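I have placed the structure first, in the form of structure tokens, so that the comments after it can refer back to it.
The values are calculated or read from the model by the stated rules, or taken from the named source; none is laboratory data. In this text, all values refer to a predicted model and were calculated from it rather than measured experimentally. Neighbour counts are summed over all protein chains in view; Cβ atoms, including those assigned to glycine, are modelled from backbone coordinates with ideal geometry. These area figures cover heavy atoms from the full protein model, side chains too; ligands, DNA and RNA do not enter into them. Shrake-Rupley method; radii C 1.70, N 1.55, O 1.52, S 1.80 Å.
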Amino acid sequence: MAVRHAPGPVLRGPAFADAARACIIALLLASVYLITYTGRIELGDQLEYFDAVGGMARFGLPLADEGMWQTPPREFIDGQPPLRPTIADPLFIDVTAPLYALAERISGIGLVHTLWLFNVGTSALVGALVYIAARRFGAEPRASIITALAFGVLTIWWTYSQTFFREPLMCVWLLLAVLALYDVPRAPTLPRRLLAALTAAAMLALSYLTKDVTLFALPGMALLVLPPTAWRRTWLRRAAVLLIAALAALVLALIYTPLPELLRDVLPGGYLLRPSFPIIPETTRIALHTYTLSIGGSIWGTSPVLLLALPGGLLLWRRQPALAASIIVIAFGFVLGYGLLRGEGEFGGNWFGGTIWPQRFMLPVLPLLILLTMNVWPRLRRWPVRAVAVGLCAYSLWWQLSSVIFNWTAYDRAVSDASFGLTYWLPGFNHLAYIRPVGLLRAIGVEPVNWAWARADTLPYAALFVIPAVLAAFALRNRRTWLLIGISAASLIVLTYGGLRLLYDRDPFYLAGRADLFAAVEAIRADVPQGGAVLVNSPDTTYFWMNYGKVGRRWIVGLPYHPGDRGSFEQPVEVMSADARKEIAPGLQPIIRQWEAYTPDLWLFMDSSPALAWSRRPFERYMGERYYRVSEREFSAYARLLRYDLHRAPAWDAPAVPQIAASYTFTHPDGSGSLELLGYTIPDGVVPAAGRTVPVSLVWRADQPPTDDYTVALFVVSAENPFIRAQGADSWLGATFKTTTLLPPGEAIWDHRAVLLPGDWPDGPVRLWVKVYDFDPDTGVITDLRADGAEVVDGVVAVLPGEIP
């Protein structure tokens, strides 16, 4: 007789069956999220969080270096590099740092590409926890599965799986805390109740350490601790209804009455009597209206499937009033908390986001509000009711697809004819014709698909993630459930790793095709010591360094744009001055001065060169006038690595008078020009030693500018053995900015340069040798200038007087 196997997981009990279904949901959602994976930094907060993760992984310090141009330091701490700590709460940074460290050690995968997988996995995990919560709160398996999948793909949760924000991780802890608190008054024994209470406290602590807005959830979560017997009393249920009604009335009053103005008069110190929470009536109204009522920015407007929570909340109230009341009060806690007590800068205590990313701040309530729908799904048997639900689900899916397909800023461009590019544009929240899914219809065929696979021209690869999704779906009704789950998970891991390898060489957003930048990375690993710092001239290559800058324990510090620079001949120069300080980014000089105290050397990555005539390079000029250039490595006209000794040079505008006189004249053999060396200056405290630099300030003068641009070579020579010598970087005068053809007649000028001594340099005093030559780039011919003075070698090398002990 044939044996028929019952469908469904062959497991030991309901708990194992639910565990299997939770794993399946996580695999399904992760597969969907990987299809729409972007691996792309969209907003400034994400850039800062990623930057801090890199600092934590490499140095144990959550400091922003690559993105320093966006978040310059506000204060300096002795013993630390002059970089600003992240604004993020610590746990998110600590949890993601190991993933960064792993990506740095695996060749062929990008750092940003890898870190952006974190919220793919975390978001899928929250979907699995929604299923577990629905089951724990009494829903049937099928309804729980539908609830979890609706949460994962029919709410803006899907959109935020593409990001590197803290909310998904916070929601993991928050959901676990809700589950534990739910068990505190319901566990059958005292030890289990104590265990549930301790678990809830631990999860709340972890949630708070991930993001401090966890505090907004505490009033609602307190309702879960009340014993079920208390909820049988009419007065408590009525009190809960009155509390919810009062909270709703408060929100409406703050939006539609003069209450905010009255609060401003009564509480002149601001919300909580603290100036950091000022009362700004108009933005308070906008924030609360956006969160709760706007069709294009509210919790339900951006995730329309949540409208099913209205009948679902009534159904849940009949069975579990504590749970229903708790979820609703938690939602109001976030609405009022963000509307009144959260904000920064010009928005005061009112932060409502913008049309680019609605509604990030309400994300923590999504997995709870979706639980209000869990009793609705089994009641969709009648076709009119089912049609309404299907319509809401379809509308929700349209919302989410419009968000995950395009770049987040595509909406601004799509409606720019009406919004004029305003990010905080109220019609985008409130007018049906301009809400995101409608506005983004204009982007079809105009804006590219934002997925990493499309960006790297490997879109067919995204279809492969259907494989683990199909395997996971089959596992729902198959006797080999765990085998299929394992195969699905393994295929997902293999495909994800393969995708990372595929993107590494192809992603144009991170400048994957720039061989010169990769050469600079290798040079930094070879030349810059552990703990050293490389300044990056402008933000133009920031994303490359973030994704491919696997340089170990070295700081890569991104500088802001400089008003004295430009990107082409057509771009006007904002500031032109003889003082390079006025041409570099405001506030940068004190930061560089702090680097002096932190390290003896700095490296500078330049994305331009003297070969680009339109490039003014004000920061390179600033460093060359105030410090000593040691070396230069050129990988292309758009990629150079310079090293500077941070001894402070004589003031750029001080009279060029050397400490040690050395009168030499260098004359071109054809008599076309000459250059006079007046002497040199050595900074105080310089002691030549193996592996150190010897900074020197030469002083030059020309009675008449030569007809050619001469190159200067500086040598440090052992005073005891002239065959032991080290040569600095040959260059034009003034770190290439004071070419001899443009010298002011008869005016002495400073020329700062340094020589790096090799690691086997012997102890003892040294002397300086100087040579000047004319290099013809067209023929490659080098013509040495004749040296005339007190002591000359081979007729072309000046041996300067004095020794450096």
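Before moving on, here are some points about what is shown:
- Conditions (1) open to solvent by 60 Å² or more (accessible area, probe 1.4 Å); (2) among the β-branched types (V, I, T); (3) over 22 Å from G138 (Cα atoms); number of the one not met by T210: (1)
- Scan of segment 422-436 for residues that are within 30 Å of the chain's Cα centre (by Cα), modelled with pLDDT of 85 or more and in a loop (DSSP other than H, G, I, E, B), ordered by number: I435
- Test: residue in segment 301-310 that is of a type outside the set (A, V, I, L, M) and either open to solvent by 10 Å² or more (accessible area, probe 1.4 Å) or touching a strand residue (DSSP E or B) at 6+ places or on another chain (Cβ under 8 Å) (or both): no
Each row is one residue, and each column tells you yes or no for (1) open to solvent by 30 Å² or more (accessible area, probe 1.4 Å); (2) at pLDDT 95 or above.
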{"residue": "P188", "(1), (2)": "yes, no"}
{"residue": "T199", "(1), (2)": "yes, yes"}
{"residue": "P228", "(1), (2)": "yes, no"}
{"residue": "P260", "(1), (2)": "no, no"}
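- Test: residue in segment 536-550 that is under 24 Å from W750 (Cβ atoms), buried (at least 20 other Cβ atoms within 10 Å of the Cβ) and in contact (Cβ under 8 Å) with a residue 24 or more places away in the chain: yes
- Those residues of segment 264-279 which are open to solvent by less than 50 Å² (accessible area, probe 1.4 Å), in contact with a helix residue (DSSP H, G or I) (Cβ under 9 Å, 6 or more places away or on another chain) and either free of Cβ contacts under 8 Å to residues at least 60 places away in the same chain or closer than 17 Å to L250 by Cα (or both), in sequence order: Y271, I279
- Residue match in segment 280-294 (condition: under 17 Å from P367 (Cβ atoms), at pLDDT 90 or above and open to solvent by 30 Å² or more (accessible area, probe 1.4 Å)): no
- Residues of segment 621-647 classified as under 29 Å from the mean Cα position of the chain (by Cα) and in a loop (DSSP other than H, G, I, E, B), total: 2
Residue by residue, here is whether (1) more than 24 Å from Y773 (Cβ to Cβ); (2) without any contact (Cβ under 8 Å) to a residue 60 or more places away in the chain; (3) touching a Leu at 6+ places or on another chain (Cβ under 6 Å); (4) in a loop (DSSP other than H, G, I, E, B) holds:
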position: A613; (1), (2), (3), (4): no, yes, no, yes
position: R616; (1), (2), (3), (4): yes, yes, no, yes
position: F619; (1), (2), (3), (4): yes, no, no, no
position: P658; (1), (2), (3), (4): no, yes, yes, yes
position: S663; (1), (2), (3), (4): no, no, no, no
position: P669; (1), (2), (3), (4): no, no, no, yes
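Residues are listed down the side, and each one gets a yes or a no for (1) among the aliphatic types (A, V, I, L, M); (2) modelled with pLDDT under 95; (3) open to solvent by 70 Å² or more (accessible area, probe 1.4 Å):
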position	(1), (2), (3)
A452	yes, no, no
F474	no, yes, yes
T481	no, yes, no
S488	no, no, no
L500	yes, no, no
R506	no, no, yes
R514	no, no, no
A519	yes, no, no
A523	yes, no, no
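- Filtered residue count, segment 775-796, keeping only those that are in a strand (DSSP E or B) and open to solvent by 20 Å² or more (accessible area, probe 1.4 Å): 8
- Leading residue by the ranking (modelled with the highest pLDDT) among those in segment 345-394 that are surrounded by 15 or more Cβ atoms within 10 Å (Cβ to Cβ) and among the aromatic types (F, W, Y): W377
- Qualifying residue in segment 220-242 (condition: within 34 Å of the chain's Cα centre (by Cα) and assigned to a helix (DSSP H, G or I)): yes
- Any hit, segment 717-732, residues being touching a helix residue (DSSP H, G or I) at 6+ places or on another chain (Cβ under 8 Å) and of a type outside the set (V, I, T): yes
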